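Written out below as structure tokens is the structure these notes cover.
The values are calculated or read from the model by the stated rules, or taken from the named source; none is laboratory data. In this text, all values refer to a predicted model and were calculated from it rather than measured experimentally. Glycine also receives a Cβ, built like all others from the backbone with ideal geometry; neighbour counts cover every protein chain displayed. For the accessible areas, the whole protein counts, side chains as well, though only heavy atoms, and no ligand, DNA or RNA atoms are used. Shrake-Rupley method; radii C 1.70, N 1.55, O 1.52, S 1.80 Å.
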Amino acid sequence: MPVRRTAPLAAAVAAAALLAAPAADGQAPAPAASRTVTAIAAGRVTVHRSVAQNNRAIAAAVDAARDKAIPLAIAHAREEAQRLAAAGGLTLGPLVSVSEPEPSPFFGGPVGGAYGAEGTFGPGKFCGQIRTPIRRRNAQGRLVGTGRTRSHFGCRVPPEVTQSLSATFAVS
């Protein structure tokens, strides 16, 4: 029974033949892609709690903590890449590229940090109305909710900022 090749398979075979054949103008074929190793890591920095209790000051403190977390994350990625390269019998080279992972709305906000790192009241909003339930003690001395709430303006400083990234290093 004869074998029928589909158009995509035939195109793939033709492309492979072109890549394997030497260039017609006498030049050598393009060099192979460089060998790399990629590591994913995170840097975690505490946000200074002594900032003024306004949105601008808290946002500046969070940005400063993120700026400190990025070099930490790259250092942690270098350690992980070194471990991976050594396991493969390779030598780690220079940093080739860095990228942030796609945001995940399910695990601690866009950068994977603690709840509130991007703002408890919304992205970049650290101050807003805080509602707390009103509770009273009953005849037995137990705290019970009254179904009512009390509202007041307040600011929340996130305890820390976590910066996740993916770093790619050359190996030889």
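A compact table of results
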| quantity | calculated |
| --- | --- |
| Selection count, segment 146-169, where residues are open to solvent by 20 Å² or more (accessible area, probe 1.4 Å), under 23 Å from residue 102 (Cα atoms) and touching a Pro at 6+ places or on another chain (Cβ under 8 Å) | 2 |
| Residue that is nearest to the chain's Cα centre (by Cα), among those in segment 38-59 that are of a type in the set (Val, Ile, Thr) and open to solvent by 50 Å² or more (accessible area, probe 1.4 Å) | 40 |
| Search result, residues across segment 89-122 that are small (Gly, Ala, Ser) and either in contact with a helix residue (DSSP H, G or I) (Cβ under 6 Å, 6 or more places away or on another chain) or modelled with pLDDT of 90 or more (or both) | 89, 93, 97, 99 |
| Check on residue 169, aromatic (Phe, Trp, Tyr) and free of Cβ contacts under 8 Å to residues at least 40 places away in the same chain | no |
| Among residues of segment 127-145, those that are touching a Phe, Trp or Tyr at 6+ places or on another chain (Cβ under 9 Å) and surrounded by 10 or more Cβ atoms within 10 Å (Cβ to Cβ), counted | 3 |
